[in-house]
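In what follows, a structure is listed as structure tokens, so that the remarks can point back to it.
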Amino acid sequence: MRTMLKLTALGPLLSALCLPAFAQGTAFTYQGRLMDNGAGANGSYDLKFTLFDAATGGSQVGVAVTNSAVSITNGLFTLTLDFGAGVFNGSPRAMEIGARTNGAANFTPLSPRQPLTATPYALYAASGNPGLPGPPGPSFVTSNSPGPLIAATNTGGGPGLQGSAADRSVVGISTSGNIGALGGQTSGVYGFGFSGASLYGTNAYGHAVRGDSGANIAVLGINGGASSEVGGNGGVYGLSGSGFGIGGESTTGDGVLGASQSGYAGHFYGKVRASGLISSDAGLQATNAYGHAVRGDSGGNIAVLGINGGASSDVGGNGGVYGLSGSGFGIGGESTTGDGVLGSSQSGYAGHFYGRVRASGLISSDAGVQATNAYGHAVRGDSGGNIAVLGINGGASSDVGGNGGVYGLSGSGFGIGGESRTGDGVLGSSQSGYAGHFYGPLNATGVISGNGGLDVRVTKNSGNFNDSVAYFENLNNAANSSPALRVVASGNAAQGALSVSTQGTGLIARFGNAASWVAALDANGNWSATSFNPSSDRNLKEHFKPVEPRVILEKVAALPILEWNFKTDTAVRHVGPMAQDFHAAFSTGTDDKHIATVDADGVALAAIQGLNEKVEGGRQKADGRIQKLELENADLKTRLEKLEYLLNHKMKGDNQ
């Protein structure tokens, strides 16, 4: 979780400590330490170096040098700089350093500029310019200079200063009477002082004081008249009558550094006090029979910071204890009688954890326990025989029994409350009982789901539909609000995605709007509604095939139609066919136990069409017969008229 360099924060957050060393030609070696948020930087950075003739302002000298993708570990880096010939002429030089994360757009200058001292100016002497004359080497040297009396630098593999003698090969005496000795028959390093430090060492990057011993104590410090009769084979052993047994100060590195291949890097009897950071590659283990095993006090930053498993140390905040772990526990505590981990805060959280919190005993808080987790379980408790997680609020009684996973009691609010952005707000699991058992209303603003189904059982006898066992309401009154209840079965739901039943008489379900009830299903399966609108869209159908209405009519005419009642509802009479007869006649529907309304409607309409065809056919035959009779009648009329004419003429002739 490395904090990326930000332009708004680089100035005050980063600093570089320069240690230039001599190199051949016009190039020289530059060693530095890059800090990020107060800690040594790690990773790949681009570094830009520019020479100026003044520490502030001034003019640039030569060309800028950019080193890309510089590998930095714990803040340390070493590289070669070459500003070309002629830039070091004896005049003051200050180097401005710009840093950016590898591949970023802009460099951020570090402040202040770094003044270049003696070593790079060896280039000036190497160019043929005369150097300052020096005195011949005396056997005893004195000086009132504020700098070191004798300073030695060796960039190779040998020592900077070496002495050889039977005892105390190198001895230093201060004006206060302090004596420091290096090398001898009995002591690797020995210091003795009347008032100041017996032994004092400073080093910007390496060990200020280092001792190597094959079998005994490498560095032994005694203060305040403490007994020197100590044994053991530790690296550093400090005894003090009143002050610090071991004390170290460092502006950039480790004040006290301990390393061990098999034992503890540091083993302390008594209190350990640190104004800065206590760190360990293998973690920090502390035991105390009576007081705090580890205690940290901090005015504005993290009091105790623990890092394990390669986790990033780029953390912020001002918590009391901060633990990071790549694979194990970030913070772990054990106690036989007291608190394994104890947190206290006057205004914030007593404990704030990113990741899982695991406790073999009890997690308790006077103000309750609040846990949030974006991905996993916010709170998880495992118990072999008792309640795994017990929460009590509002003065509710703590005299509870049982062996549930989570038990919450509340005098006025929620007994159990959980919130989650992506996962489960409250998750319950049980191998034999209920995953969750609640006494009182259950309020959920999200999804309630269960792998073993959702079983809600509550005793209610008010008779008010608002006082129901389960109440679902979507409070969003917008035009496109979601349903208050959705039931989905992912597999083949032989019993239905939603199964509703009543154990008594009355209604199974009732449906309505804001004004009134509009539909109901009673316990005998009778639907009451204003209308039913089954789907009959052509776009939903396929495999069309014409029917023969006259055949349908004949089957309907032959279909037994009876009056009857359902066995479950003897009071209501019905008229209609049996599903077995209907299915045998028309082969429609899912089985011979049901008659779909769409099939009954279709058969009725087809029969009407068949009846219409039959009526139309009879009418056409009758019309033909009438027309034929009319023609025959007209012919008979004509013939009758002729016969009358002949008879009339014959009668007239006889009369004459």
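The values are calculated or read from the model by the stated rules, or taken from the named source; none is laboratory data. In this text the structure is predicted, and so the values were computed from the model without any measurement. Methodologically, a virtual Cβ is constructed for each residue, glycine included, from the backbone with ideal geometry; neighbour enumeration extends over all protein chains shown. For the accessible areas, the whole protein counts, side chains as well, though only heavy atoms, and no ligand, DNA or RNA atoms are used. Shrake-Rupley method; radii C 1.70, N 1.55, O 1.52, S 1.80 Å.
Among the residues of the stretch 114-131, count how many are modelled with pLDDT of 85 or more and among the polar types (S, T, N, Q). If you could, list the steps in order and put the result at the bottom.
Taking the stretch 114-131 first, the residues modelled with pLDDT of 85 or more are 114-115.
With the extra rule that they be among the polar types (S, T, N, Q), the set shrinks to 114.
The total comes to 1.
Taking the condition among the basic types (Lys, Arg), touching a helix residue (DSSP H, G or I) at 6+ places or on another chain (Cβ under 8 Å) and either open to solvent by 60 Å² or more (accessible area, probe 1.4 Å) or part of a helix (DSSP H, G or I) (or both), does Lys593 pass?
Values: among the basic types (Lys, Arg): yes; touching a helix residue (DSSP H, G or I) at 6+ places or on another chain (Cβ under 8 Å): yes; either open to solvent by 60 Å² or more (accessible area, probe 1.4 Å) or part of a helix (DSSP H, G or I) (or both): yes.
Considered against the rule, which asks whether it is among the basic types (Lys, Arg), touching a helix residue (DSSP H, G or I) at 6+ places or on another chain (Cβ under 8 Å) and either open to solvent by 60 Å² or more (accessible area, probe 1.4 Å) or part of a helix (DSSP H, G or I) (or both), Lys593 comes out as yes.
So which strands (runs of 3 or more DSSP E) stay within the stretch 18-103 end to end and still have 2 or more residues that are open to solvent by 60 Å² or more (accessible area, probe 1.4 Å) and not aromatic (Phe, Trp, Tyr)? It would help to see each step written out before you state the result.
Working: elements: 19-21, 27-33, 43-52, 60-72, 76-82, 94-101.
By residue number, 60-72, 76-82.
How about the stretch 515-563: which of its residues are open to solvent by less than 100 Å² (accessible area, probe 1.4 Å) and assigned to a strand (DSSP E or B)?
Val518, Ala519, Ala520, Leu521, Asp522, Ser528, Ala529, Leu562
Considering each residue of the stretch 51-74, count those that are in contact (Cβ under 8 Å) with a residue 24 or more places away in the chain and farther than 14 Å from Leu116 by Cα, and give that number.
Within the stretch 51-74, residues that are in contact (Cβ under 8 Å) with a residue 24 or more places away in the chain and farther than 14 Å from Leu116 by Cα number 9.
Quick one: what pairs do we get from the stretch 468-497, first residue among the acidic types (Asp, Glu), second part of a loop (DSSP other than H, G, I, E, B), C-beta under 8 Å, 6+ apart or different chains?
Glu473/Ala484
For Asn513, state whether it is touching a residue at least 40 places away in the same chain (Cβ under 8 Å) and not aromatic (Phe, Trp, Tyr). Explain how you work it out, then say what you get.
Details: touching a residue at least 40 places away in the same chain (Cβ under 8 Å): no; not aromatic (Phe, Trp, Tyr): yes.
Judged against the criteria, Asn513 is not a match.
In the stretch 485-514, what residues are among the polar types (S, T, N, Q) and either surrounded by fewer than 10 Cβ atoms within 10 Å (Cβ to Cβ) or outside any loop (DSSP other than H, G, I, E, B) (or both)?
Taking the stretch 485-514 as the starting set, the residues that turn out to be among the polar types (S, T, N, Q) are 490, 492, 495, 499, 501-503, 505, 513.
Listed by number, the residues that qualify are Ser490, Asn492, Gln495, Ser499, Ser501, Gln503, Thr505, Asn513.
Identify, by number, the condition in (1) at pLDDT below 95; (2) surrounded by 10 or more Cβ atoms within 10 Å (Cβ to Cβ) that Asp581 doesn't meet.
(1)
Kindly indicate which of Ser15, Ser111 is modelled with pLDDT under 80, surrounded by 12 or more Cβ atoms within 10 Å (Cβ to Cβ) and within 28 Å of Thr153 (Cα to Cα). Before the answer, list the steps.
Numbers: Ser111 fails: modelled with pLDDT under 80.
Within the list Ser15, Ser111, the selection yields Ser15.
Would you check if Val551 is among the aliphatic types (A, V, I, L, M) and either in contact with a His (Cβ under 8 Å, 6 or more places away or on another chain) or modelled with pLDDT of 90 or more (or both)? Lay out the reasoning, then the answer.
Numbers: among the aliphatic types (A, V, I, L, M): yes; either in contact with a His (Cβ under 8 Å, 6 or more places away or on another chain) or modelled with pLDDT of 90 or more (or both): yes.
For Val551, the condition - among the aliphatic types (A, V, I, L, M) and either in contact with a His (Cβ under 8 Å, 6 or more places away or on another chain) or modelled with pLDDT of 90 or more (or both) - is met.
Against the condition of a type in the set (A, V, I, L, M), within 18 Å of the chain's Cα centre (by Cα), surrounded by 12 or more Cβ atoms within 10 Å (Cβ to Cβ) and at pLDDT below 70, how does Val315 come out, does it pass? Working first, answer last.
Numbers: of a type in the set (A, V, I, L, M): yes; within 18 Å of the chain's Cα centre (by Cα): yes; surrounded by 12 or more Cβ atoms within 10 Å (Cβ to Cβ): yes; at pLDDT below 70: yes.
Against the criterion (of a type in the set (A, V, I, L, M), within 18 Å of the chain's Cα centre (by Cα), surrounded by 12 or more Cβ atoms within 10 Å (Cβ to Cβ) and at pLDDT below 70), Val315 qualifies.
Give Gln627, Gln609 a once-over and let me know the one that is under 26 Å from Val575 (Cα atoms) and either in a helix (DSSP H, G or I) or open to solvent by less than 80 Å² (accessible area, probe 1.4 Å) (or both). I'd like the intermediate steps shown before the answer.
Details: Gln627 fails: under 26 Å from Val575 (Cα atoms).
Answer to the check: Gln609.
In this structure, is Lys567 exposed (fewer than 10 other Cβ atoms within 10 Å of the Cβ) and under 60 Å from the mean Cα position of the chain (by Cα)?
Values: exposed (fewer than 10 other Cβ atoms within 10 Å of the Cβ): yes; under 60 Å from the mean Cα position of the chain (by Cα): yes.
Spelling it out, Lys567 is indeed exposed (fewer than 10 other Cβ atoms within 10 Å of the Cβ) and under 60 Å from the mean Cα position of the chain (by Cα).
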